[in-house]
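Asks: The structure follows.
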Amino acid sequence: MLGPFSHACIQVSDVDAALRFYRDLLGFTVSLDRVETLENDKGEVMFTRRVAYLRWDDSPSFISIARRDGPLPANKPLRNGDNGLTHISFWVDNIDERYRHLTSHGVKVLGGIVEQDGLFYGLPQERRIRTFLFNDPDGTVLQFDQLY
């Protein structure tokens, strides 16, 4: 059985800065913030990391933000069109208010709010979605969608 979305992990350069963004600006709730050690199947330590689990409601779905010990990697987040996970999108209410809130706090918004018909989301064409994309502090692309 394939169930609903469980979680996604976003690697960040600074967990405290990411918490200020995701918790304080976007409104996520922190359900866990700890340092953990990850081992392989032989019990050998691969790395330690600080990870925070962020939830938006009472569902078991969440995102995590993590920073592993050691030097930061040189790579940048993927862009739309690259192979791999390029962005994460969240359903929201009152997209206009959220857009104003983020831009008033200097968040890099990637264009304005765009309206699309439902076909872009595999829904009936008469359904409407308003959407916009923006960057977190490390450049990871996030998206807010409002269905009406």
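Asks: Which ranges mark the strands (runs of 3 or more DSSP E) fully within segment 49-148 that have 1 or more residues being within 18 Å of residue 10 (Cβ to Cβ) and basic (Lys, Arg)?
Replies: 62-68
Asks: Would you point out which residue out of 48, 37, 29 is β-branched (Val, Ile, Thr), touching a Phe, Trp or Tyr at 6+ places or on another chain (Cβ under 9 Å) and farther than 23 Å from residue 135 by Cβ?
Replies: The conditions single out 37.
Table: residues versus (1) of a type outside the set (Ser, Thr, Tyr); (2) closer than 21 Å to residue 141 by Cβ; (3) in contact (Cβ under 8 Å) with a residue 12 or more places away in the chain.
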position: 4; (1), (2), (3): yes, no, yes
position: 11; (1), (2), (3): yes, yes, yes
position: 19; (1), (2), (3): yes, yes, yes
position: 35; (1), (2), (3): yes, no, yes
position: 55; (1), (2), (3): yes, yes, yes
position: 63; (1), (2), (3): yes, yes, yes
position: 74; (1), (2), (3): yes, yes, no
position: 81; (1), (2), (3): yes, yes, no
position: 89; (1), (2), (3): no, yes, yes
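Asks: Is at least one residue of segment 126-136 modelled with pLDDT of 95 or more, under 26 Å from residue 55 (Cα atoms) and touching a His at 6+ places or on another chain (Cβ under 8 Å)?
Replies: Yes; the residues of segment 126-136 include at least one that is modelled with pLDDT of 95 or more, under 26 Å from residue 55 (Cα atoms) and touching a His at 6+ places or on another chain (Cβ under 8 Å).
Asks: Further, regarding this structure: All but one of (1) without any contact (Cβ under 8 Å) to a residue 60 or more places away in the chain; (2) under 14 Å from the mean Cα position of the chain (by Cα) hold for residue 111; which doesn't?
Replies: Condition not satisfied by residue 111: (2).
Asks: Just to be sure, is residue 49 more than 18 Å from residue 144 (Cα to Cα), of a type outside the set (Asp, Glu), without any contact (Cβ under 8 Å) to a residue 40 or more places away in the chain and surrounded by 13 or more Cβ atoms within 10 Å (Cβ to Cβ)?
Replies: Yes, satisfied.
Asks: Here's a follow-up. State whether the residues of segment 36-45 include one that is assigned to a strand (DSSP E or B), among the hydroxyl-bearing types (Ser, Thr, Tyr) and not assigned by TED's automatic domain parsing to the domain that holds residue 100.
Replies: For segment 36-45, residues assigned to a strand (DSSP E or B), among the hydroxyl-bearing types (Ser, Thr, Tyr) and not assigned by TED's automatic domain parsing to the domain that holds residue 100: present.
Asks: Applying the selection to segment 99-148, what residues are among the small types (Gly, Ala, Ser) and more than 19 Å from residue 82 (Cα to Cα)?
Replies: Passing the criteria: 104, 106, 111, 112, 118, 122.
Asks: Ok, one more. Would a scan of segment 59-73 turn up a residue that is assigned by TED's automatic domain parsing to the domain that holds residue 20, within 24 Å of residue 17 (Cα to Cα) and touching an Asp or Glu at 6+ places or on another chain (Cβ under 6 Å)?
Replies: Taking every residue of segment 59-73 in turn, none turns out to be assigned by TED's automatic domain parsing to the domain that holds residue 20, within 24 Å of residue 17 (Cα to Cα) and touching an Asp or Glu at 6+ places or on another chain (Cβ under 6 Å).
The values are calculated or read from the model by the stated rules, or taken from the named source; none is laboratory data. What you see is a predicted model; the values in this text were computed from it and never measured. Cβ: placed from backbone, ideal geometry, glycine included. Neighbour counts: every protein chain shown.
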